[in-house]
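To start, the structure under review is shown below, and the notes come after it.
The values are calculated or read from the model by the stated rules, or taken from the named source; none is laboratory data. These numbers were taken from a predicted model, which means no experiment stands behind them. Using ideal geometry, Cβ is built from the backbone for each residue, glycine included, and neighbour counts are taken over all protein chains shown. For accessibility, only protein heavy atoms count, side chains too; no ligands or nucleic acids. Shrake-Rupley method; radii C 1.70, N 1.55, O 1.52, S 1.80 Å.
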Amino acid sequence: MKYRVLTAALTAVLASSAYADEGQWQPHQLAELQTQLTKAGIEIPGKQLADLSQYPMNAIVSLGYCSASFVSGQGLVVTNHHCGYNAIQNNSTKDNNLIEKGFLAKTLKEELPAGPQERLYITEEVLDVTDKVTASLSGLTGAERYEAIETARKNLIKDCETDPNYRCSVVSFHHGMQYFQIKQLMLQDVRLVYAPSEAVGNFGGDIDNFEYPRHTGDYTFLRGYVGKDGKPAPYAEENVPYQPKSFLKVNANGVREGDGILLAGYPGQTSRYRLADEIAFAADWQYPAMVKTYQQMINSIDRLGAADAELKVKYASVVKSHNNRMKKLQGLLDGFQVTDIHAIKLEREQQLNQWIKADPSRAAYQQALLELAKVVDAEQAFTQQTYYFENAKRSDLLTAASTLYRLAQEQQKPDAEREMGYQDRDLPMIKARLARLDKSYAEAMDIELWSEQLADYAAQPEAVRVAELDQALGLTAGMTQAQIKVLLQKLYAQSQLASTEGRLAWLGQKAEAFEQSDDAFIRLAVAIAGKNKALELQDKTLKGQIAVVRPAYMQAIIAYNKEQGKPVYPDANSTLRITYGTVDGYPAKDGVYKTPFTSVKGMIAKRQAAYPFHVPQALVDAYTQGKTDGYFYADLAAQTKSPWYCGIFSCPEPKKTAFNSVPVNFLSSADTTGGNSGSAVMNARGELVGLNFDSTYESITKDWYFNPEITRAIHVDIRFMLWMMQYVDGADNLLSEMSIVRH
């Protein structure tokens, strides 16, 4: 593993910065956190965790949108059920619905292709390339600065990707204060191995989402394959299982209350260093608008899906994703009311301002704050200006047409000058997205969802609407959804993009062919392309301005926090992070304390005849017949050693609460967010004891503010997974493949 040394100011903070369990740390930072790791009971040295070539970090992988980990020497990967949902749906039909009944491959030959878009990414190298990205930025701002950063990123990526089996990225940390180049081995052949039935993998459904107590078996097994030469290759029957450098041992004894845990994965996005005004905008305008949009789409998908089993299967993954986002947004809004995070942030900003004013040498920080506030105002205005137009393009066929036309335009340029996302390196994923659309597209649903958003768009004032879109579709102010549907019907009848062949036929076509086409969706994509580019330029200008002032603001934050002894870790940005914590419950509200473990006994008590609280009879039978050897616990209280004098004098036994069941889920104080789904939860020795899959409702606001008293992550317990595999689903082949220990 290669690293360049961080700036002295940042590194110096680490040794005394961590408090509670807050912090989504870059792996190399763990070397500086040994004191905190030891205090948390973590036995693996921080230096070992900082080394991505060593166990356990070389077993942690990304799916690109979720986290996962290797658990065998034959490329077996474990992640969440909801992370494997696309793979399950990809192999489901209304007559063979693997979502409902689950799936288990007893042999390698029975394993199913996860889909053309699925990948496994294994991070092997992280380099600090800040100097290379920022070397030519002096004096630049706005779109020029943005483009200069993008050019530097593309050049670094090109130099990094000399081997086509690797995917590289250059990612901003601390909002542009630092840049790191990340090199990942990319496995293209991913297969579905085992998924429990939805009754287990999604027990409680959207009703229980973000709630606790929870009883969800949110786990799925995949496998990575490579060519016979050991190198990554597209799906082929003759491919063989990938052999990782190492894989996680599985500890069948799991954890008890008070145990220290490690959690490693790829958290998505947090906003811990945003301004108070940005919280206010999210709470007052952005999140309410998004909640309304997602709820509209969910209602439509549910309504049409209830009447058509095929539609229900096709849009199962889409509606699950929408439900998750909508409930999270609603949880953020509720959380903002319970905890006045805006006031907390405002107070911290005032303290920062006082610190800046106390020393004339910090005047540059004050100017950065003033400039940042101005750009943030402009950003928010842009978001409001474009929100309904972006929603008005929510058609799968329009998205496909726009992607294809933009690709044709970009291919007129040398590869190095194209927009990121449209370079030669991106062609396989573009083709895969176009090919997979058949699995999640139906004309009736697309028309329903699109017309709904267009009706909202048509209700907006003229200043928000886009003339090019109105003219191309024949929209007028205040049109109803029913009127818009009549317009849209004609478009679908005049397009070939509904078929995979029709979409793929446009790959490689010249831009002129698009501009002369009579395909209705191609014509629409061409008509609005100019407006899309104009808004893109406006967005780049704002991002270029932010790229000047946000890093300066972060320098002030880091300098201030250094004096306060507070954590300095970057906001999450979908890169590999480690957090640590303790198995622990929390006070949910006045008089209500939620304990850290739930049980199969509780799951069965919660069952109902219908989804989402149906419990498979095989699970009930196994439990009631006492088939629980090795996984049944009388209690899960912390194990404490009696003082030496108890051998001489009588000491009272510590109070223990009876558990008397098989554990299903547990809580920890680990710092997580979206993208951490599927993250390996490890014990003090780095052995797998669970999978992260959710947060409590009270914790949702941790994207903006970490409250150590109530912030808890929810994990599926490894003991439940192993019990299901052994006694319920008969996955003996996988149990024998994994390295399972008890100590």
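Out of curiosity, is ALA513 closer than 22 Å to ILE430 by Cα and either among the charged types (D, E, K, R) or under 36 Å from the mean Cα position of the chain (by Cα) (or both)?
Values: closer than 22 Å to ILE430 by Cα: yes; either among the charged types (D, E, K, R) or under 36 Å from the mean Cα position of the chain (by Cα) (or both): no.
In short, no.
Please return the ranges of helices (runs of 4 or more DSSP H) entirely within the range 393-508 where 1 or more residues are more than 32 Å from the chain's Cα centre (by Cα).
Values: elements: 396-410, 427-436, 443-458, 467-473, 481-493, 500-504.
The helices (runs of 4 or more DSSP H) meeting that bar are 443-458, 467-473, 481-493.
Within the range 30-41, track down each residue that is in a loop (DSSP other than H, G, I, E, B) and open to solvent by less than 10 Å² (accessible area, probe 1.4 Å). Give the derivation first.
Restricting attention to the range 30-41, the residues satisfying the condition of being in a loop (DSSP other than H, G, I, E, B) are 33, 40-41.
Correct list: LEU33 only.
May I ask you to say which residue of LEU537, LEU619 is hydrophobic (A, V, I, L, M, F, W, C), assigned to a helix (DSSP H, G or I) and crowded, with 22+ Cβ neighbours inside 10 Å? First the steps, then the outcome.
Working: LEU537 fails: crowded, with 22+ Cβ neighbours inside 10 Å.
Only one candidate qualifies: LEU619.
The rows are residues; the columns are (1) assigned to a helix (DSSP H, G or I); (2) more than 30 Å from MET177 (Cα to Cα).
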| site | (1), (2) |
| --- | --- |
| SER72 | no, yes |
| HIS82 | no, yes |
| ASP95 | no, yes |
| LYS106 | no, yes |
| THR123 | no, no |
| LYS132 | yes, no |
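Any idea which of LEU222, LEU262 is assigned to a strand (DSSP E or B), open to solvent by less than 60 Å² (accessible area, probe 1.4 Å) and touching a Pro at 6+ places or on another chain (Cβ under 9 Å)?
LEU262
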- [ ] Report, by residue number, each residue of the range 161-175 that is open to solvent by 10 Å² or more (accessible area, probe 1.4 Å) and either closer than 30 Å to TRP723 by Cα or not hydroxyl-bearing (Ser, Thr, Tyr) (or both).
- [x] GLU161, ASP163, PRO164, ASN165, ARG167, VAL171, HIS175
- [ ] Look at SER62 and say whether it is under 20 Å from SER679 (Cβ atoms), out of contact with any Asp or Glu (no Cβ under 7 Å at 6 or more places or on another chain), of a type in the set (Ser, Thr, Tyr) and at pLDDT 95 or above.
- [x] yes
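The rows are residues; the columns are (1) of a type in the set (A, V, I, L, M); (2) in contact with a Ser or Thr (Cβ under 6 Å, 6 or more places away or on another chain).
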residue	(1), (2)
GLU536	no, no
LYS540	no, no
ASN561	no, no
ILE578	yes, no
GLY585	no, yes
LYS589	no, no
VAL592	yes, no
Open item on the list: Looking only at residues that are open to solvent by less than 60 Å² (accessible area, probe 1.4 Å) and in a loop (DSSP other than H, G, I, E, B) in the range 46-59, which one is nearest to PRO27 (Cα to Cα)?
Closed with: ALA50
TODO: Given the conditions (1) within 27 Å of ALA68 (Cα to Cα); (2) part of a loop (DSSP other than H, G, I, E, B), report the number of the one that MET603 does not fulfil.
DONE: (2)
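Yes or no: the range 204-214 includes at least one residue that is open to solvent by 20 Å² or more (accessible area, probe 1.4 Å) and either in a loop (DSSP other than H, G, I, E, B) or touching a Gly at 6+ places or on another chain (Cβ under 9 Å) (or both). Full working, then the answer.
Filtering the range 204-214 down to residues open to solvent by 20 Å² or more (accessible area, probe 1.4 Å) leaves 206-207, 211, 213.
Filter once more, so that each one left must be either in a loop (DSSP other than H, G, I, E, B) or touching a Gly at 6+ places or on another chain (Cβ under 9 Å) (or both): 211, 213.
There is at least one residue in the range 204-214 that is open to solvent by 20 Å² or more (accessible area, probe 1.4 Å) and either in a loop (DSSP other than H, G, I, E, B) or touching a Gly at 6+ places or on another chain (Cβ under 9 Å) (or both).
If you check ILE149 against the conditions, is it open to solvent by 10 Å² or more (accessible area, probe 1.4 Å) and in contact with a strand residue (DSSP E or B) (Cβ under 7 Å, 6 or more places away or on another chain)? Give the derivation first.
On the way: open to solvent by 10 Å² or more (accessible area, probe 1.4 Å): yes; in contact with a strand residue (DSSP E or B) (Cβ under 7 Å, 6 or more places away or on another chain): no.
Here the answer is no, as ILE149 does not meet what is asked.
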Task: Within the range 178-197, considering residues that are outside any strand (DSSP E or B) and touching a Lys or Arg at 6+ places or on another chain (Cβ under 8 Å), the one surrounded by the fewest Cβ atoms within 10 Å (Cβ to Cβ) - done: GLN188
Task: Flag if TYR146 is touching a helix residue (DSSP H, G or I) at 6+ places or on another chain (Cβ under 8 Å) and among the aromatic types (Phe, Trp, Tyr) - done: yes
Task: LYS566 being surrounded by 16 or more Cβ atoms within 10 Å (Cβ to Cβ), at pLDDT below 95 and over 16 Å from GLN178 (Cα atoms) - done: yes
Task: Residue in the range 709-728 that is touching a strand residue (DSSP E or B) at 6+ places or on another chain (Cβ under 8 Å), open to solvent by 10 Å² or more (accessible area, probe 1.4 Å) and assigned to a strand (DSSP E or B) present - done: no
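Kindly indicate whether LEU127 is more than 23 Å from GLY64 (Cα to Cα), hydrophobic (A, V, I, L, M, F, W, C) and open to solvent by 20 Å² or more (accessible area, probe 1.4 Å). I'd like the intermediate steps shown before the answer.
Details: more than 23 Å from GLY64 (Cα to Cα): no; hydrophobic (A, V, I, L, M, F, W, C): yes; open to solvent by 20 Å² or more (accessible area, probe 1.4 Å): yes.
It is false that LEU127 is more than 23 Å from GLY64 (Cα to Cα), hydrophobic (A, V, I, L, M, F, W, C) and open to solvent by 20 Å² or more (accessible area, probe 1.4 Å).
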Open item on the list: Checking the conditions here, which among LEU487, LEU454 is open to solvent by less than 50 Å² (accessible area, probe 1.4 Å), within 18 Å of ARG394 (Cβ to Cβ) and free of Cβ contacts under 8 Å to residues at least 24 places away in the same chain?
Closed with: LEU487
Task: Of residues in the range 136-146 being crowded, with 16+ Cβ neighbours inside 10 Å and in a helix (DSSP H, G or I), the one nearest to the chain's Cα centre (by Cα) - done: TYR146
Task: Filtered residues of the range 595-614 (kept if farther than 18 Å from ALA634 by Cβ and either free of Cβ contacts under 8 Å to residues at least 12 places away in the same chain or hydroxyl-bearing (Ser, Thr, Tyr) (or both)) - done: ALA605, GLN608, ALA609, ALA610, TYR611
